[in-house]
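Working notes, beginning with the structure itself.
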């Protein structure tokens, strides 16, 4: 904590310049403090010219001494960006493109500005549309100019040559997933709207409300108020959640959130850089130059610089899994342990497909007096002490009239579950147990309610996972 407080006292231009070339976890919010090795004194992941240096003068008259020739400072700008009303994956892809990242995997920045949980599938299912409107104030822009970028030897040597979850998780926790190659220093004043699937407001109408709200807030209320705005048919007023954002807020928060369950909308107003507690855009603008923050990060994937390095494919796969599912860093190793191929037991080649001369007696189900019988396979299925990941009901046999349970399991035992450290004498032999082996069989067996069934369909395979 002392190191963090001490570092925050250093000029932002020095902190931003020293962060160029550091590793970064794309699942984190885009802030300097999350750069890998930032507080631990970790070096850059890429090679830059440390011999040829010069002094640079950034806008504002501040001089930074001893800057590498591979680092350049460009003049910033001031822009207002209004996004379209986009679906979840489209918004994720848009923000990724602005950070020079390919794909639609949600970043930590997207999760932060829209106040999302970070669980991709859940967030996407719980979101109909996303949109934002904001000002991005760049005092200056710092970026690496060396091309092509070359990784440091110690980074290449840290790449495991085979699928080793412990080493892969250690690499990601140490170096991150990407490399910072550029950033602006300044601030952003951002309005975000999140729409639930239950909301009936069309995208064009929602964008108009957000734009008008931005016009009002970014002009400190000098533009026409939303309170008088009506929809085109003149019957429906603006959703109340937009009007509430125009009211003065006495509580001092870095972000203000208003939610309407009736309209299925959430609006988030947040600032970075300057006085983040200021509720006046014009007053906030005056404070950006004296208290700027790093924004508009640009990244390069670490794996794009690992061409020809043994094991780079395993690392790329591990990083993709990590960014997609975002397990907690302390659980990453155990998460990767279970990322091995799965298989079904019994295998397809083990199923009896031909007609058997000798009929095997097995119980059967008949859902109507004259209807066909469906036999129930008594064959025991085992995963071989490997973790079970799914179950399915399967119709076996040439006539697909024998119901069986198949087990999906990992093809190999994860390293953390190996039994090599356990004494053979202490291992209990596997024992088959069925529902008949328990006294209270009510928890396993239920009588079939015959009247509810009229036929047996043989085309459907039911999978439980």
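The values are calculated or read from the model by the stated rules, or taken from the named source; none is laboratory data. Not measured: the values here are computed from a predicted model. Neighbour counts run over all protein chains shown; Cβ positions are idealised from the backbone, glycine included.
Brief remarks follow.
Listed here are the residues, each with its yes/no results for (1) free of Cβ contacts under 8 Å to residues at least 12 places away in the same chain; (2) closer than 30 Å to residue 380 by Cα; (3) in the same structural domain as residue 34 (by TED's automatic domain parsing).
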residue: 258; (1), (2), (3): no, no, yes
residue: 325; (1), (2), (3): no, no, yes
residue: 331; (1), (2), (3): yes, no, yes
residue: 347; (1), (2), (3): yes, yes, no
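- Candidate set from region 367-377 (those that are exposed (fewer than 15 other Cβ atoms within 10 Å of the Cβ) and in contact with a strand residue (DSSP E or B) (Cβ under 9 Å, 6 or more places away or on another chain)); member that is farthest from residue 339 (Cα to Cα): 372
- Checklist (1) touching a strand residue (DSSP E or B) at 6+ places or on another chain (Cβ under 9 Å); (2) closer than 30 Å to residue 287 by Cα applied to residue 127, failing item: (2)
- Within region 270-284, considering residues that are touching a strand residue (DSSP E or B) at 6+ places or on another chain (Cβ under 7 Å) and part of a helix (DSSP H, G or I), the one surrounded by the fewest Cβ atoms within 10 Å (Cβ to Cβ): 281
- Boolean, residue 386 is assigned to a loop (DSSP other than H, G, I, E, B) and buried (at least 18 other Cβ atoms within 10 Å of the Cβ): yes
- The condition (being touching a strand residue (DSSP E or B) at 6+ places or on another chain (Cβ under 7 Å) and either under 19 Å from residue 25 (Cα atoms) or modelled with pLDDT under 95 (or both)) is satisfied by just one residue among 149, 86, 116: 149.
- Tally of residues being surrounded by 23 or more Cβ atoms within 10 Å (Cβ to Cβ) and either outside any loop (DSSP other than H, G, I, E, B) or free of Cβ contacts under 8 Å to residues at least 40 places away in the same chain (or both) across region 20-39: 3
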